[in-house]
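Below: the structure, in structure tokens.
The values are calculated or read from the model by the stated rules, or taken from the named source; none is laboratory data. As the structure is a computational prediction, the values presented were derived from the model and not from experiment. All Cβ positions, glycine included, derive from the backbone under ideal geometry; neighbour counts span all protein chains shown.
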Amino acid sequence: MSTIAAISTAIGNAGVGIVRLSGEDAFEIIKKIFSPKLIDIKPNMIKYGHIVSGEEIIDEVLVSFFKAPKSFTMENTCEINSHGGSIVMKKILELCLKNGAELAEPGEFTKRAFLNGRIDLSQAEAIIDVINAKTDREAKASMKQLNGELSKKLAEVRKIVMDILVDIEASIDYPEYDVEEVTNNKTLETLTTIEKEINKLKKTFDNGKIIKEGIKTAIIGRPNAGKSSLLNAILKEERAIVTDIEGTTRDTIEEFIQIDGIPVQIIDTAGIRKTDNKVEKIGINKSMEAVENADLVIAIIDGSKELKEEDKEILNIAKEKKSIILINKTDKEIVLNKEEIEREVGDKEIIFVSALNKVGIDKIYNKISEMYSFNEINIDDSVTITNERHKQAIINMKNCIDNARRAINENMPIDIITINITDILEEIGKITGEGVSEDIINEIFKKFCLGK
């Protein structure tokens, strides 16, 4: 494969920037642009010097050398640690390209680590999850996968499946011993063992989805109910514009917070009411779309005013979703009748708050944590599935087990049973990368940043 190069750190002003090269000619390219002249490059060493273009000094650098196969990509690899200015790093990258390197595609360094056998596909996917982690819990779950915990579990399942296939093969090769019934009974028992392991992984996905994607939470209410003030109180910053003028918010505003280490996406929406204003109507349509896609709805009602028909419409929307009802503006005289709210929403949680004075905000946090059992989400003792692609492969494994069991119970030909059991191995391969199509691999690595 060609030698590739890319800037591996974020573009911008920083103390240090890194330009990475990987490939057979990585050392030779560095020799052409490094001063003093490199005579003998030893692996796992760092050299101090300058990157030069002819007589011109581009930057003062430290260059790390990793000789194949003892590198991230299992190829000869160099990392040029320069000053973090964007102009400097671009000039160094241009020099690398001018002297024989090719510009790396997004994720190509990690892709080479996968193709060269250093990591499997599930570990490669974990790298982008570590980079994009929004909370400590998500980073921890991703690191467990990067360290191969999922791969080890799947290797155990693969070994059990291979043992089944060996037994079946033996019964085919030695039919005179009439061991088919014994083999079928043993296979059924072993399939049950595999199913238990598969179900353990499948059950972790709901928690894994929460850890990775968080809880999408839409704040809804009529104009001036206090939605933007609530957003600001939750974020502890003046993120949204707050005025006494109704209909100030015309678009959704989205931000993330953490509650007990779980990401919660807070979406402030436009006030929902009947209006002839074309721009406001667009905002209200976006509000309804946000509600439709939300995991949780926080309906906020102005407690300093009598319940209006618009409020009842808001409560009716919240009633159909997983929701929390807030009676806002406790800093004023509350004239709203709580019992009237309860008649509208049934057993939904009702919390009194003052978004303006940031009173009652902790109660919201606690209720969200309670509703989704955040404290019960434990990633310390088990592998947690956070990837939708992995989940689908695990569901397919369960279907393969059901098909194999049905084939045995219906006394179908041994070839059919074998196909169903072999399909389990194919689904494992979809997760670890064995036998995965090039299109799927390319699609996965497109999600990576340049230089990783």
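Points to keep in mind about this one:
- LYS111 vs. criteria surrounded by fewer than 20 Cβ atoms within 10 Å (Cβ to Cβ) and either among the charged types (D, E, K, R) or not in a helix (DSSP H, G or I) (or both): no
- Looking across the range 1-24, the residues that are part of a loop (DSSP other than H, G, I, E, B) and either within 15 Å of GLU94 (Cβ to Cβ) or of a type in the set (Ser, Thr, Tyr) (or both) come down to SER2, THR3, SER8, THR9, ILE11.
- Selected residue (criterion: nearest to the chain's Cα centre (by Cα)) from residues of the range 88-108 that are part of a loop (DSSP other than H, G, I, E, B) and aliphatic (A, V, I, L, M): ALA104
- Residues being crowded, with 20+ Cβ neighbours inside 10 Å and either of a type in the set (S, T, N, Q) or under 35 Å from the mean Cα position of the chain (by Cα) (or both) - total across the range 19-48: 6
- Selection from the range 49-107 of residues that are of a type in the set (A, V, I, L, M) and at positive phi: MET74
- Residues of the range 366-383 that are of a type in the set (Val, Ile, Thr) and at pLDDT 85 or above: ILE368 alone.
- Considering ILE441, ILE385, the condition of being surrounded by 14 or more Cβ atoms within 10 Å (Cβ to Cβ) and in a helix (DSSP H, G or I) is satisfied by ILE441 alone.
- Qualifying residue in the range 393-405 (condition: surrounded by 20 or more Cβ atoms within 10 Å (Cβ to Cβ) and either within 16 Å of ALA124 (Cα to Cα) or without any contact (Cβ under 8 Å) to a residue 24 or more places away in the chain (or both)): no
- Leading residue by the ranking (farthest from ASN396 (Cα to Cα)) among those in the range 168-207 that are at pLDDT below 80 and among the charged types (D, E, K, R): GLU176
- Of PHE72, PHE27, all but one fail to be in a helix (DSSP H, G or I), in contact with a strand residue (DSSP E or B) (Cβ under 8 Å, 6 or more places away or on another chain) and among the aromatic types (Phe, Trp, Tyr); the exception is PHE27.
- Among the residues of the range 313-338, those that are among the aliphatic types (A, V, I, L, M), surrounded by 14 or more Cβ atoms within 10 Å (Cβ to Cβ) and either touching a His at 6+ places or on another chain (Cβ under 9 Å) or assigned to a loop (DSSP other than H, G, I, E, B) (or both) comprise ILE334, LEU336.
- Evaluation of ASP362 against the conditions (1) out of contact with any strand residue (DSSP E or B) (no Cβ under 7 Å at 6 or more places or on another chain); (2) under 20 Å from SER229 (Cβ atoms); (3) at pLDDT below 90; (4) not hydroxyl-bearing (Ser, Thr, Tyr) shows that the sole unmet condition is (3).
- Test for THR418: is it of a type in the set (S, T, N, Q), surrounded by 17 or more Cβ atoms within 10 Å (Cβ to Cβ), modelled with pLDDT of 85 or more and assigned to a helix (DSSP H, G or I): yes
- Tally, over the range 121-174, of residues that are of a type outside the set (Phe, Trp, Tyr) and within 26 Å of GLU189 (Cβ to Cβ): 24
- Within the range 90-98, one or more residues are β-branched (Val, Ile, Thr) and closer than 17 Å to ALA26 by Cα.
- Subset tally (residues that are within 30 Å of the chain's Cα centre (by Cα) and assigned to a loop (DSSP other than H, G, I, E, B)) for the range 75-84: 2
- One residue alone among GLU254, GLU280, GLU289 is part of a helix (DSSP H, G or I), acidic (Asp, Glu) and modelled with pLDDT of 75 or more, and that residue is GLU289.
- Flag for ILE51 being without any contact (Cβ under 8 Å) to a residue 60 or more places away in the chain, surrounded by 19 or more Cβ atoms within 10 Å (Cβ to Cβ) and over 35 Å from the mean Cα position of the chain (by Cα): yes
- Here LYS447 meets the list (1) in a helix (DSSP H, G or I); (2) exposed (fewer than 15 other Cβ atoms within 10 Å of the Cβ); (3) among the charged types (D, E, K, R) almost entirely, failing just condition (1).
- Residues (over 35 Å from the mean Cα position of the chain (by Cα) and aliphatic (A, V, I, L, M)) located in the range 54-67: ILE57, ILE58
- Selection status of GLU306, surrounded by fewer than 22 Cβ atoms within 10 Å (Cβ to Cβ) and without any contact (Cβ under 8 Å) to a residue 12 or more places away in the chain: no
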